[in-house]
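Undergrad: Mind looking over this structure? Questions follow.
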Number of protein chains: 2
Amino acid sequence: MAEIIPIHQHKEDFNDCIKNLSELCKEDLTSINTLILEKLDSSVPLIQEIGKYLILSGGKRLRPLLTASCFHILNNNSIGKLSHIGLAAAVEFIHAATLLHDDVVDLSKDRRGNLTANEVWGNKTSVLVGDFLFSRSFQLMTKYGTIETLKILSDTSVVISEGEVLEISNDKNLEMNEDTYFQVINGKTASLFSAACQVGGLSGGAKENQHKALKSFGTNFGMAFQLIDDALDYSSNLKKMGKNIGDDFKEGKITLPIILSYGRSNNKEKDFLQKVIEKPDSNENNFILIKELLTKYNCIEDTLTRANHFAEVAIDSLSIFPDNEYKKALIKLIKTSIKRLN
Amino acid sequence: MAEIIPIHQHKEDFNDCIKNLSELCKEDLTSINTLILEKLDSSVPLIQEIGKYLILSGGKRLRPLLTASCFHILNNNSIGKLSHIGLAAAVEFIHAATLLHDDVVDLSKDRRGNLTANEVWGNKTSVLVGDFLFSRSFQLMTKYGTIETLKILSDTSVVISEGEVLEISNDKNLEMNEDTYFQVINGKTASLFSAACQVGGLSGGAKENQHKALKSFGTNFGMAFQLIDDALDYSSNLKKMGKNIGDDFKEGKITLPIILSYGRSNNKEKDFLQKVIEKPDSNENNFILIKELLTKYNCIEDTLTRANHFAEVAIDSLSIFPDNEYKKALIKLIKTSIKRLN
């Protein structure tokens, strides 16, 4: 069984861990970035411009890193094969496409401290360039995939979009239950984490039990990661991970801390939550009151407990792999991703 | 060489021809519709609702009909194979996804006399359900396609989105040249017509020269079809094909008739065109003045001449196939599609 992960602040740990993993997968990352750049090429200049703005603006490349490390965790020595590189690029294109469309849907203005593409080029262009990136990802999978990896990635795209529609169907629905919410974040985050891990492993020749382990690892890591993100939105430190604290709050988004607090609130508090979520604003006083409610009912702690559950399942799922540096780095990645919350 | 297609009105001919083709491909259409319905199934009710609204609202199923007839034109006797059915459904899902996103981008309110999905459910939902339909199409191709048909369909998706971005990059650009415009409508219409024909033929065992012929047939038919659509928008009869006359005009869209008229106009007329396209409105007087310009410079006639060129290439490309009822029906389809313009 995995160790219990203590709740205390480990500033920078997660970023250090990403750096470490990037160093381990340095050659793969170089190849993946080259392929991404090559595939952003288009006869239509605007596509190149937005694609580069979005994909080359210094993201962590978390998903391609998962693909590369799940390829190498198998102690794979195959040289000169590009399949995991091509599929990692495909995964990053899917991710970029969903970011573009999410920002349109959420009317977001800021991502990682930069203006969003929809702010710079408008919603229409973001919708269409998102479609381009989506199409490019399918072109990449068709070229580098097998029947098995193609099925995984096309199924994942369906799960992602179903999750997004499920989320918008439950807009402002404070009575959304936890299982529905888990289905939303599985679509939003966990399914692509899982696909990234699976295609890496399968490109490296993973056997059935190894494939299943990587699938479980990616899904559970993704669930934990998203839950911590949700909790971070109500964290008290200003500006962390390049995200303004309270974005979800300002958009009236329903996330686990809010679902838990609504369920545990008395009628007066429920009315207050309804009012604030129904007509979200940037009123700092309301934000403070919501945070008081979250504290009163232990909602952040319990979100962390849920995240820990998923993180532990993810860590345990790696037990069947040999103890190499990739496995160690992945385990450290999960542990520090949980510790982003102080 | 194909016969010269005379310019005169053949009311209802095109719809009759669609009916005839639908009758010939009746069994295939039934199977395709069944599969579409099956694949609109989702655990998220909103997806089913919008999908059915969009796909089952009585469209002509022109693209699936192309797939089915290009399968049968080969005098194919293979029974029990579902590949052309699955790929026809995939093509229709791509088409539906692009309609959803187009209506968001164009802020359209009306399609075939019904409210657009974005009018009923909002832009956000349309973007996300469009992504779902896109993903579903890739799932279908992955299941029913071969390496060759997968490549055709994923390449086509890229061409479609590049065409859309190219169009929006040239928004209000009256100096767009004709070749750029052809690239736009190749993306918008001809590429998917072509893919529909190719995957039908390849599923039926088309040899290389037959594949090339069907590719050319679809592309050129699509180009002709779109050009006639563009001309119809400035046609004088009210309500035709369920489309309000002057939609392109109202949206300030640049189409071939406008490109031709701008190039041929004197400076005063150019200023007028600039003004009207820059700030489009529903001013009937401006619409009449534009139509006078189009008449003065033969722009509708010349658009029809261009359409005729593509239609003739399309018809000639079918010459390598045996004279069966499918070939006859396809040729009639093109001829009557041109004759939609009186």
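FYI, it's all coordinate maths here, none of it is from the lab. Note that this is a predicted model, so its numbers are computed, not measured. Positions of Cβ are generated from backbone atoms using ideal geometry, with glycine treated the same way; all protein chains shown enter the neighbour counts.
Undergrad: Before we move on, is A:Gln139 within 11 Å of another protein chain (Cβ to nearest Cβ) and either within 20 Å of A:Ile36 (Cα to Cα) or touching a residue at least 40 places away in the same chain (Cβ under 8 Å) (or both)?
TA: Yes.
Undergrad: Next question, about the same structure. With closer than 29 Å to A:Asp13 by Cα, surrounded by fewer than 17 Cβ atoms within 10 Å (Cβ to Cβ) and free of Cβ contacts under 8 Å to residues at least 60 places away in the same chain as the only criterion, which of A:Asp248, A:Asp281, A:Asp302, A:Asp323 stands out?
TA: A:Asp323
Undergrad: Condition check: within 20 Å of the chain's Cα centre (by Cα) and of a type outside the set (Ser, Thr, Tyr). Does A:Gly263 satisfy that?
TA: no
Undergrad: Within the range B:24-98, considering only helices (runs of 4 or more DSSP H) that don't extend past its boundaries, which have at least 1 residues that are within 14 Å of chain A (Cβ to nearest Cβ), of a type in the set (Val, Ile, Thr) and surrounded by 16 or more Cβ atoms within 10 Å (Cβ to Cβ)?
TA: Output list reads B:45-55.
Undergrad: Further question: Of the residues B:Ser108, B:Ser83, which single one is under 20 Å from B:Ala196 (Cα atoms) and in contact with a Ser or Thr (Cβ under 7 Å, 6 or more places away or on another chain)? Please lay out each step first, then the result.
TA: Working: B:Ser108 fails: under 20 Å from B:Ala196 (Cα atoms).
Result: B:Ser83 is the single residue among B:Ser108, B:Ser83 that is under 20 Å from B:Ala196 (Cα atoms) and in contact with a Ser or Thr (Cβ under 7 Å, 6 or more places away or on another chain).
Undergrad: Between residues in the range A:125-136 that are closer than 17 Å to A:Glu92 by Cβ and touching a residue at least 12 places away in the same chain (Cβ under 8 Å) and residues that are of a type in the set (D, E, K, R) and part of a helix (DSSP H, G or I), which pairs lie under 6 Å by C-beta distance while being six or more apart or on different chains?
TA: From the range A:125-136, the pairs are A:Arg136/A:Lys39.
Undergrad: Among (1) surrounded by fewer than 21 Cβ atoms within 10 Å (Cβ to Cβ); (2) within 8 Å of chain B (Cβ to nearest Cβ); (3) among the β-branched types (Val, Ile, Thr), where does A:Val104 come up short?
TA: The failed condition is (1).
Undergrad: Enumerate the pairs (first residue in the range B:87-109 and more than 24 Å from B:Asp41 (Cβ to Cβ); second residue anywhere and among the acidic types (Asp, Glu)) with beta-carbon separation below 7 Å, excluding pairs fewer than 6 apart on the same chain, so at least 6 apart or on different chains.
TA: Hits for this filter: B:Asp106/B:Glu251; B:Lys109/B:Glu119.
Undergrad: Sort out for me the helices (runs of 4 or more DSSP H) sitting completely within the range B:140-244 that have 1 or more residues that are among the small types (Gly, Ala, Ser) and closer than 30 Å to B:Leu273 by Cβ.
TA: B:147-169, B:191-203, B:208-232
Undergrad: Here's another thing I want to ask about it. Within the range A:191-233, how many residues are more than 23 Å from A:Pro322 (Cβ to Cβ), over 14 Å from the mean Cα position of the chain (by Cα) and among the β-branched types (Val, Ile, Thr)?
TA: 0
Residue-wise test of (1) farther than 26 Å from A:Ile259 by Cβ; (2) more than 14 Å from every other protein chain (Cβ to nearest Cβ); (3) surrounded by 21 or more Cβ atoms within 10 Å (Cβ to Cβ).
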| site | (1), (2), (3) |
| --- | --- |
| A:Thr149 | yes, no, yes |
| A:Leu153 | yes, no, yes |
| A:Thr156 | no, no, yes |
| A:Glu167 | no, no, yes |
| A:Val184 | no, no, yes |
| A:Phe193 | no, yes, yes |
| A:Ala196 | yes, yes, yes |
| A:Gly205 | yes, yes, no |
| A:Ser216 | no, yes, no |
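Undergrad: Tell me which helices (runs of 4 or more DSSP H) are completely within the range A:249-326 and hold 1 or more residues being over 26 Å from A:Phe225 (Cβ atoms) and basic (Lys, Arg), or say none if there are none.
TA: Working: elements: A:256-264, A:267-278, A:284-296, A:299-317.
Fully inside the range A:249-326 and qualifying: A:267-278, A:284-296.
Undergrad: Let me ask you something else. Please tell me if B:Phe310 is over 24 Å from B:Asn186 (Cα atoms) and surrounded by 19 or more Cβ atoms within 10 Å (Cβ to Cβ). Can you show your working first?
TA: Values: over 24 Å from B:Asn186 (Cα atoms): no; surrounded by 19 or more Cβ atoms within 10 Å (Cβ to Cβ): yes.
Taking the combined requirement at face value, the residue does not satisfy it.
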